[in-house]
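Report on one structure; see the data block that follows.
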Amino acid sequence: MSVLVYIDHFDGHIKPSSFEALSYGSEVAKLLKTDAVGVLIGDVKDDVAGLGKYGVKKVYSVATDFTFDAQQYAQAIHEVATKAGADVLVFSHNPNGKALAPRLAVRLQAGIVTGVVELPKVDQGFVVKKTVFSGKGFAFVEIQSSKKVVSVNPNSFKPIVGSGTATIEKIDYKLNTPKTKVIKVNKAEGEVPLTEATLVVSAGRGLKGPENWGMIESLAHTIHAATACSRPVADSGWRPHHEHVGQTGVQIAPDLYIAIGISGAIQHLAGVNRSKVIVVINKDPEAPFFKAADYGIVGDAFEVVPKLDAEFKKIIK
Amino acid sequence: MKILVCISKVPDTTSRIAFTNNNTQFDETDIQWILNPYDEWYALVKALELKEQESGSVVHLLTVGTADVDPIIRKGLAIGGDEAIRINLNSADSYLIAQQIAQVAQAGGYDLVLTGKETIDYNSSVIGGLVAEFMNAPYVSLASKLTSQSNVVSIEREIEGGEEIIEASLPLVVSCQKGMAEQRIANMKGIMGARSKPLKVVEPTNTNTQTKIVRFELPPAKTGVKMVAADNVAELVRLLHEEAKII
């Protein structure tokens, strides 16, 4: 038996969320007294053997020129899972993981739990903790099938870095021609992807209009944070939809979430309440968001934010 | 085009979440139930837009649940679904739910199966992928735009750090999110008409589950906010740097 981790990549580089999944898989393997291995489909420019530092002993590498396709990639992962004798498959709960993990569950007749935030408890069965109700709760779910598929919520499990080196085994498997094809990729230039960001600066209707986002972007730039917004802001077209955090938008769990001019409706809180530290800046002292915050400032965003930016600049190079 | 839209009943987004029976059950007291927003706003309305483009198209709704889901199904029919199927099963096991959906979808010979990107109760985001694999069909997740022309489908899909433009052929399974379609509200004619549209109830072919919810937990409450004066922003930066050690 073994634990198999899917290694996702974009633009020639392994995704940070895969480092989390690799560490998670390695820790699961320790609990089950077995080894963790990885599977990589396609080419990356990164040092693959170096992934051993996240605890994996071996990386199976499948060569292909085809762009990402859940159906054919899943078949390749299944080949590797069989070869590696994998009983537990680990993915990141990111866009590609969401497409692949369920397909592997069907192929292996495995129970699947996604959005996992902690290591499993294995003393009685295999019980994982996942987010439910869009961040308003957690469920502990027992996977009762012999094979198991889990995917790990980004930013829930810090990568554990050791000093190992992984061996690389090339798999002689040729993917079938996929029925879907990526014909173009539009990269969001120079932005930190929201779901991967450890620091997030977010703003709401309190900013009065899209023309006032310059100070938000400047603050985000200073502390190397991603930008986000509340639903009314995205719905008004002030900011792109992919920046909308909340129950019907993106759910995030950064180390720091700075909310500026956002009142803190229950739907918004659901998307951000797993943030480790929440700072709220709002001119209304009665804004419900203050109850969910660690630090708060009652004040006008147009005065506070530029000052905050200047203060951060003093301590960040 | 024959389109199947998978819909689900979920607690309203404003619901306060609580658990009961020693934290083993979701407390349904005072909960308002709604059609899962991703299913309604994006999957269902997208299906209706496609139907309006191509004459002879039909939009069927499918849900897995007991009779208490019927008002939600009628809402979907009021917005514009032609008919509905309910698989009479109450389960939280994604594998079983998707297996049952796939059997109905396969038998119905649908060109396109649409789901919301996730339900706002369990947030698993797996039904589309599971159904696709059970049907041996291609799957595009997290689509924010979809156009169809002579059976070639062009899709925008969210990825970390951008978006992909994908070309695919039918049959196809797609999970839908913001951007796919403009929200629609049922009008009186739709609501009246929905009462007489067919709602077929079928029994599940099995009830074997792979997972079991052991218990629930609420997120830890914040211990209290530390307020900083608006004219002392430097103090906030100091706290984040020295106390929270985040910056």
For A:HIS244, all conditions in the list (1) at the interface with chain B (Cβ under 9 Å from one of its Cβ atoms); (2) modelled with pLDDT under 95; (3) closer than 21 Å to A:PHE138 by Cα hold save one; what is the number of the exception? (3)
Count, please, the residues in the range B:160-211 that happen to be farther than 18 Å from B:GLY129 by Cβ, surrounded by 14 or more Cβ atoms within 10 Å (Cβ to Cβ) and free of Cβ contacts under 8 Å to residues at least 24 places away in the same chain. 5
Can you name the residue in the range A:210-238 that is among the aliphatic types (A, V, I, L, M) and in a helix (DSSP H, G or I) and, of all such residues, is farthest from the chain's Cα centre (by Cα)? A:MET215
Among the residues of the range B:184-200, are any assigned to a loop (DSSP other than H, G, I, E, B), touching a strand residue (DSSP E or B) at 6+ places or on another chain (Cβ under 9 Å) and within 23 Å of B:ALA78 (Cβ to Cβ)? yes
Given A:PHE68, A:PHE10, which one is at pLDDT below 95, facing chain B (nearest Cβ under 8 Å) and over 12 Å from A:SER151 (Cβ atoms)? A:PHE10
Among (1) surrounded by fewer than 24 Cβ atoms within 10 Å (Cβ to Cβ); (2) under 16 Å from the mean Cα position of the chain (by Cα), the one test that B:PHE26 misses: (2)
For the range A:139-190, which fully contained strands (runs of 3 or more DSSP E) count at least 3 residues that are surrounded by fewer than 16 Cβ atoms within 10 Å (Cβ to Cβ)? A:167-171, A:180-187
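Looking only at the range A:282-317, how many residues end up being under 19 Å from A:THR198 (Cα atoms) and crowded, with 17+ Cβ neighbours inside 10 Å?
Going through the range A:282-317 one residue at a time, the tally reaches 7.
Quickly run through the range A:141-165 and pick out the residues that are of a type in the set (S, T, N, Q) and either in contact (Cβ under 8 Å) with a residue 60 or more places away in the chain or within 9 Å of chain B (Cβ to nearest Cβ) (or both). Steps first, please.
Looking only at the range A:141-165, we keep the residues that are of a type in the set (S, T, N, Q), and these are A:144-146, A:151, A:153, A:155-156, A:163, A:165.
Once the filter is applied, which keeps residues that are of a type in the set (S, T, N, Q) and either in contact (Cβ under 8 Å) with a residue 60 or more places away in the chain or within 9 Å of chain B (Cβ to nearest Cβ) (or both), the range A:141-165 yields A:GLN144, A:SER145, A:SER151, A:ASN153, A:ASN155, A:SER156, A:SER163, A:THR165.
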Qualifying residues in the range B:218-233 (those that are at the interface with chain A (Cβ under 7 Å from one of its Cβ atoms) and either out of contact with any Lys or Arg (no Cβ under 8 Å at 6 or more places or on another chain) or assigned to a loop (DSSP other than H, G, I, E, B) (or both)) - the one nearest to A:ALA139 (Cα to Cα): B:LEU218
B:THR209 fails exactly one of (1) β-branched (Val, Ile, Thr); (2) within 14 Å of another protein chain (Cβ to nearest Cβ); (3) outside any loop (DSSP other than H, G, I, E, B), namely (3)
All-but-one check, B:VAL152 against (1) in contact (Cβ under 8 Å) with a residue 24 or more places away in the chain; (2) out of contact with any Gly (no Cβ under 9 Å at 6 or more places or on another chain), failing number (1)
Please count how many residues of the range B:145-179 are in contact with a Lys or Arg (Cβ under 7 Å, 6 or more places away or on another chain), within 7 Å of chain A (Cβ to nearest Cβ) and under 22 Å from A:SER92 (Cβ atoms). 6
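Return the residues of the range A:298-315 that are of a type in the set (Phe, Trp, Tyr) and either facing chain B (nearest Cβ under 7 Å) or not in a helix (DSSP H, G or I) (or both); say none if nothing qualifies. Quick ask: steps written out before the conclusion?
Of all residues in the range A:298-315, those of a type in the set (Phe, Trp, Tyr) come to A:302, A:312.
A:PHE312 - this is the single residue of the range A:298-315 that is of a type in the set (Phe, Trp, Tyr) and either facing chain B (nearest Cβ under 7 Å) or not in a helix (DSSP H, G or I) (or both).
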Can you name the residue in the range A:102-140 that is within 20 Å of A:ILE252 (Cβ to Cβ) and among the small types (Gly, Ala, Ser) and is also farthest from the other protein chains (Cβ to nearest Cβ) among such residues? A:GLY135
When only residues in the range A:166-192 that are facing chain B (nearest Cβ under 9 Å) and β-branched (Val, Ile, Thr) count, which is nearest to A:GLN109 (Cα to Cα)? A:THR180
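Here's the yes/no breakdown for (1) more than 9 Å from every other protein chain (Cβ to nearest Cβ); (2) of a type in the set (A, V, I, L, M, F, W, C):
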residue: B:ALA92; (1), (2): no, yes
residue: B:ILE97; (1), (2): yes, yes
residue: B:GLN100; (1), (2): yes, no
residue: B:ALA107; (1), (2): yes, yes
residue: B:GLY116; (1), (2): yes, no
residue: B:SER125; (1), (2): no, no
residue: B:VAL131; (1), (2): no, yes
residue: B:PHE134; (1), (2): no, yes
Scan the range A:239-272 residue by residue and report those that are part of a loop (DSSP other than H, G, I, E, B) and surrounded by 21 or more Cβ atoms within 10 Å (Cβ to Cβ). A:ARG239, A:GLY246, A:GLN247, A:THR248, A:GLY249, A:GLN251, A:ILE252, A:ALA253, A:PRO254, A:GLY261, A:ILE262, A:GLY264
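The values are calculated or read from the model by the stated rules, or taken from the named source; none is laboratory data. Since this is a predicted model, take the numbers as computed values, not measurements. Using ideal geometry, Cβ is built from the backbone for each residue, glycine included, and neighbour counts are taken over all protein chains shown.
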